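> Submitted below is the structure of interest, expressed as structure tokens.
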Ligand SMILES: Nc1nc2c(ncn2[C@@H]2O[C@H](COP(=O)(O)OP(=O)(O)O)[C@@H](O)[C@H]2O)c(=O)[nH]1
Ligand SMILES: [Mg+2]
């Protein structure tokens with residue numbers, strides 16, 4: 001399961017690991033739904049309907065999972081869940097979960113994302129926490145919640161090409177020491 005602020009590159013990392021553009025990635029607030037990426041003999045996308053999972057065209061998934069295409073009403077209760085199946089060997093052993101950023105600025109999106117992250121974290125074996133900046137108070141508060149439920153936590157400092165080498169080391173060391181001091185977690 002991948003979590004982090006929006007635009008830290010969560011969807012891009014999953015696409016890169018799987019070597020395919022399965023998830024939309026963009027320069028603005030992009031991911032608005034939770035996507036479970038699982039093994040399937042051919043590419044397919046599914047959503048939840050009253051009768052269970054319903055297959056939808058992959059292009060419909062790519063449209064409907066994007067923030068710019070979902071209701072921005074603050075009263076919209078929750079994010080939508082999607083399932084993508086793809087014929088990648090890695091997916092026979094692992095399910096990847098892509099989540100929306102928890103700091104979205106569209107009305108209600110941050111609260112909806114947090115609620116979805118809390119639910120997904122309960123079932124996740126590994127939580128990949130993606131940062132592209134020194135860890136902040138907001139990041140810590142989310143991390144504190146998921147660290148309690150996730151069995152293993154991996155912190156990734158992404159977009160490191162945007163910093164010089166020394167800054168990358170400083171951001172990494174600072175973030176790890178804050179997590180150690182405030183959450184009592186040590187890197188292994
Ligand atoms: N420079 C740079 N850009 C990146 C990197 N990873 C992702 N991006 C770009 O950052 C933007 C947001 O990526 P996205 O995967 O949608 O972020 P998400 O909101 O965390 O899922 C996209 O335009 C990506 O092309 C990276 O490592 N370096
Ligand atoms: Mg995304």
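The values are calculated or read from the model by the stated rules, or taken from the named source; none is laboratory data. Predicted, not measured: the structure shown is a model, and the values here were computed from it. Note: ideal-geometry Cβ built from the backbone for every residue, glycine included; neighbour counts use all protein chains shown.
> Name the single residue that is nearest to ligand 2 (Cβ to nearest atom) among those in the stretch 90-110 being surrounded by 14 or more Cβ atoms within 10 Å (Cβ to Cβ) and assigned to a helix (DSSP H, G or I).
109
> Restricting to the stretch 161-173, name every residue that is exposed (fewer than 15 other Cβ atoms within 10 Å of the Cβ) and either within 16 Å of ligand 2 (Cβ to nearest atom) or part of a helix (DSSP H, G or I) (or both).
Of everything in the stretch 161-173, those that are exposed (fewer than 15 other Cβ atoms within 10 Å of the Cβ) and either within 16 Å of ligand 2 (Cβ to nearest atom) or part of a helix (DSSP H, G or I) (or both) turn out to be 161, 162, 165, 166, 167, 169, 170, 173.
> Next question. Go through (1) over 12 Å from the mean Cα position of the chain (by Cα); (2) at positive phi one by one and return the number of the condition residue 4 breaks.
With (1) over 12 Å from the mean Cα position of the chain (by Cα); (2) at positive phi applied to residue 4, the lone miss is (1).
> Looking only at residues in the stretch 22-46 that are in a loop (DSSP other than H, G, I, E, B), surrounded by fewer than 17 Cβ atoms within 10 Å (Cβ to Cβ) and touching a residue at least 24 places away in the same chain (Cβ under 8 Å), which one is nearest to ligand 1 (Cβ to nearest atom)?
Top of the filtered list is 26.
> Of everything in the stretch 111-139 that's under 21 Å from residue 13 (Cβ atoms) and part of a helix (DSSP H, G or I), which residue is nearest to ligand 2 (Cβ to nearest atom)?
The initial filter retains those residues of the stretch 111-139 that are under 21 Å from residue 13 (Cβ atoms), namely 113-114, 116-117, 120-121, 123-136, 138-139.
Add one more test, that the residue is part of a helix (DSSP H, G or I), and what stays is 113-114, 116-117, 120-121, 138-139.
On the way: 113: 10, 114: 15, 116: 13, 117: 13, 120: 14, 121: 17, 138: 17, 139: 16 Å.
Among them, the one singled out is 113.
> I'm checking my understanding of the structure. Among residues of the stretch 5-16 that are near ligand 2 (Cβ under 8 Å from one of its atoms) and either part of a helix (DSSP H, G or I) or without any contact (Cβ under 8 Å) to a residue 40 or more places away in the chain (or both), which one is surrounded by the fewest Cβ atoms within 10 Å (Cβ to Cβ)?
For the stretch 5-16, the residue satisfying everything is 12.
> Among the listed residues 19, 52, identify the single one that is surrounded by fewer than 19 Cβ atoms within 10 Å (Cβ to Cβ) and farther than 24 Å from residue 122 by Cβ.
19
> Further question: Only one of (1) outside any loop (DSSP other than H, G, I, E, B); (2) touching a helix residue (DSSP H, G or I) at 6+ places or on another chain (Cβ under 7 Å); (3) crowded, with 16+ Cβ neighbours inside 10 Å is not met by residue 182, so which one is it?
Of everything listed in (1) outside any loop (DSSP other than H, G, I, E, B); (2) touching a helix residue (DSSP H, G or I) at 6+ places or on another chain (Cβ under 7 Å); (3) crowded, with 16+ Cβ neighbours inside 10 Å, residue 182 misses just condition (3).
> Return the residue satisfying two criteria in turn: it lies in the stretch 65-100 and is under 17 Å from residue 45 (Cβ atoms), more than 16 Å from the chain's Cα centre (by Cα) and within 16 Å of ligand 1 (Cβ to nearest atom), and of such residues it is modelled with the lowest pLDDT.
70
> Separate question: Before we move on, is residue 47 more than 16 Å from ligand 2 (Cβ to nearest atom) and within 18 Å of the chain's Cα centre (by Cα)?
Yes.
> Can you say whether residue 145 is over 16 Å from the mean Cα position of the chain (by Cα) and in contact (Cβ under 8 Å) with a residue 12 or more places away in the chain, as far as the supplied structure shows?
On the way: over 16 Å from the mean Cα position of the chain (by Cα): no; in contact (Cβ under 8 Å) with a residue 12 or more places away in the chain: yes.
Against the criterion (over 16 Å from the mean Cα position of the chain (by Cα) and in contact (Cβ under 8 Å) with a residue 12 or more places away in the chain), residue 145 does not qualify.
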